[in-house]
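Worksheet: the structure to be examined is printed underneath.
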Amino acid sequence: MLDESEGDARNELSGTVAGPSVQAGSIYGGIRFYAGSRPSFPTPAQLPGPGLCAGRDRELAGLRRLTMQDIDAGYPFLLVITGVAGVGKTALALNWLHELREEYADGQLFVDLRGFAGDGDPMPPHDALGQFLRALGIDAASVPATQDERAALFRSLTTERRLIILLDNADSVAQVRPLLPGPGPALIVVTTRKRLPELARAVDGAHFLHLTPLDEPGALKLLSGIVSRERIQAEPDAALSLVSLCGGLPHAVCASGDRLAAHQGRKIARVVAELADDARRLSALRAVFDGSYRALTEDAARLYRLLSVHPPPEFEPTAAAALAGVNDGEVARLLDSLVEANLLEAANERFRFHDLIRLHAHEKLMEAESETTRQAAYARLVEHYLATQDRAVRAADV
Ligand SMILES: Nc1ncnc2c1ncn2[C@@H]1O[C@H](COP(=O)(O)OP(=O)(O)OP(=O)(O)O)[C@@H](O)[C@H]1O
Ligand SMILES: [Mg+2]
């Protein structure tokens, strides 16, 4: 409002003003407004450091090929990295994303969604959105109260932005979906121990990478990044045994390597002997497997425990059904949830435990199931195999 009654001009502006404002006394002629440049926001740089990433040349080359094709396509690019605890999902994601930082001028957002932290519940998207909005320059007092409003504002702010978003350790699709940016060229990476296939529908053309343990040369390369090359060359066989006892899992290789690095005079063969003791091997990974185990439904957790009774680590669904005393449909559902939690691997209609995970399942069995229950499960399994053999013999007689 312009007040000239007393000869001098006074300006007042009421209400909320978003962006620049113009105040004028008298205006003549047609008025046109042109949208100015987009509001700028701080450039977040939240990615943790990349750390060591040995033995992942093949995976990194595959990821580089993917981005070469899609990086300038102008629509969101989603990569979901799945795999068992400690296999190196976060390490791979960070290494790859650090290579791409220059291409994404609007910055990088990172959140640990605590899907399997074991020391608290998964982070609600509401909280993750609050963090992201503040990182994008929204004043804490102006962050909307409801999750829907937060997600809408996040999409508005991220539309057409060249942003990297790493959603680490996700627990569910419902947790991830509100954290997806608006349309535009953002690069989103989700890491998770679960499979989360429904994410394929969240972003058109989503890519999935299931990360498996390192092969022997890769695991040895990792070990030689922690322990000196000379020590490995002095005991090549022991070094090979060490990485194979670790099942090629980077987390376990790192834990063993750290032990060697802390004791310069210690022989690798000695650590191998220590690791050959199952309990010690498992201790390096118990916390991570516990996280996946706790997230299971009670039915799936029971099957997980009982499966450790099965002598060879590979089995068919019918054997699992016999062990748990449930029907084929029910066991298929439960086996799927164990595969989804990356506690079990599926291969050609059969299922297999990673040997460290089988040890973990066995530990849980001993903790949670009585001797009677264990024996009854074993008896059902033996009966199942006898009946299968009987049927095979009769079929051969025909
Ligand atoms: N290729 C690698 N080279 C060197 N170190 C690695 C590699 N992969 C993983 N690590 C190390 O192993 C440990 C476990 O890796 P990481 O945290 O990436 O696993 P993860 O699959 O993300 O596990 P989680 O499911 O628990 O989040 C970390 O200390 C990490 O730095
Ligand atoms: Mg991780």
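The values are calculated or read from the model by the stated rules, or taken from the named source; none is laboratory data. The model shown is predicted, which means the values in this text are computed figures rather than measured ones. Cβ sites come from the backbone with ideal geometry, for glycine too, and all protein chains shown count toward neighbours.
Considering only region 125-143, I want to know if a residue exists there that is out of contact with any Asp or Glu (no Cβ under 6 Å at 6 or more places or on another chain), within 16 Å of ligand 2 (Cβ to nearest atom) and either within 22 Å of Ser292 (Cβ to Cβ) or at pLDDT 95 or above (or both).
The first filter runs over region 125-143 and keeps only residues out of contact with any Asp or Glu (no Cβ under 6 Å at 6 or more places or on another chain), leaving 125-143.
The next check asks that each one be within 16 Å of ligand 2 (Cβ to nearest atom); those that pass are 128.
Next, only the ones that are either within 22 Å of Ser292 (Cβ to Cβ) or at pLDDT 95 or above (or both) stay: 128.
Looking for residues that are out of contact with any Asp or Glu (no Cβ under 6 Å at 6 or more places or on another chain), within 16 Å of ligand 2 (Cβ to nearest atom) and either within 22 Å of Ser292 (Cβ to Cβ) or at pLDDT 95 or above (or both), one finds at least one in region 125-143, hence yes.
Give me the pairs, please: first residue somewhere in region 73-98 and closer than 17 Å to Ala219 by Cβ, second residue anywhere and near ligand 2 (Cβ under 9 Å from one of its atoms) and aromatic (Phe, Trp, Tyr), beta-carbon distance under 9 Å, and either six or more positions apart or on two chains.
So the pair list comes out as Ala85/Phe116.
Spot the failing condition for Pro312; the list is (1) within 23 Å of Gly291 (Cα to Cα); (2) modelled with pLDDT under 95, and only one is missed.
Single failed check for Pro312: (1).
So which residues in region 157-205 are away from ligand 1 (no atom under 16 Å from the Cβ), crowded, with 20+ Cβ neighbours inside 10 Å and polar (S, T, N, Q)?
Thr158, the sole residue that qualifies.
Can you tell which of Gly291, Gly325 is surrounded by fewer than 21 Cβ atoms within 10 Å (Cβ to Cβ) and on the phi > 0 side of the Ramachandran plot? Walk me through how you get there before you give the answer.
Working: Gly291 fails: on the phi > 0 side of the Ramachandran plot.
Within the list Gly291, Gly325, the selection yields Gly325.
Of all the helices (runs of 4 or more DSSP H) wholly in region 157-263, which have at least 1 residues that are touching a residue at least 24 places away in the same chain (Cβ under 8 Å) and under 30 Å from Asp290 (Cβ atoms)?
Of the helices (runs of 4 or more DSSP H) lying wholly inside region 157-263, those with at least 1 residues that are touching a residue at least 24 places away in the same chain (Cβ under 8 Å) and under 30 Å from Asp290 (Cβ atoms) span 173-176, 216-226, 236-245, 250-262.
State the number of residues belonging to region 90-124 that are among the small types (Gly, Ala, Ser) and either more than 16 Å from ligand 2 (Cβ to nearest atom) or at positive phi (or both).
Total meeting the criteria: 4.
Picking from Arg358, Arg380, which residue would you name as being in contact with a Gly (Cβ under 7 Å, 6 or more places away or on another chain) and either of a type in the set (D, E, K, R) or assigned to a helix (DSSP H, G or I) (or both)?
Sole residue among the options that is in contact with a Gly (Cβ under 7 Å, 6 or more places away or on another chain) and either of a type in the set (D, E, K, R) or assigned to a helix (DSSP H, G or I) (or both): Arg380.
Every residue in region 338-358 that is surrounded by fewer than 19 Cβ atoms within 10 Å (Cβ to Cβ) and among the hydrophobic types (A, V, I, L, M, F, W, C), please.
Matches in region 338-358: Val339, Ala346, Ala347.
Restricting to region 74-89, count the residues that are under 13 Å from Leu187 (Cα atoms) and within 16 Å of ligand 2 (Cβ to nearest atom). It would help to see each step written out before you state the result.
Within region 74-89, the first condition is being under 13 Å from Leu187 (Cα atoms), and the residues that meet it are 74-80.
Then drop every residue that is not within 16 Å of ligand 2 (Cβ to nearest atom), which leaves 79-80.
Result for region 74-89: 2.
Failed condition for Val189, given (1) under 17 Å from the mean Cα position of the chain (by Cα); (2) more than 27 Å from Ala54 (Cα to Cα), with all others met?
That leaves (2) as the condition not met.
When the residues of region 90-148 are narrowed to those that are within 16 Å of ligand 1 (Cβ to nearest atom) and β-branched (Val, Ile, Thr), which ends up surrounded by the fewest Cβ atoms within 10 Å (Cβ to Cβ)?
My answer is Thr90.
The rows are residues; the columns are (1) among the acidic types (Asp, Glu); (2) in contact with a Leu (Cβ under 6 Å, 6 or more places away or on another chain); (3) part of a helix (DSSP H, G or I).
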position: Tyr75; (1), (2), (3): no, no, no
position: Leu79; (1), (2), (3): no, no, no
position: Val84; (1), (2), (3): no, no, no
position: Val87; (1), (2), (3): no, yes, no
position: Thr90; (1), (2), (3): no, no, yes
position: Leu94; (1), (2), (3): no, no, yes
position: Glu99; (1), (2), (3): yes, no, yes
position: Asp106; (1), (2), (3): yes, yes, no
position: Leu109; (1), (2), (3): no, no, no
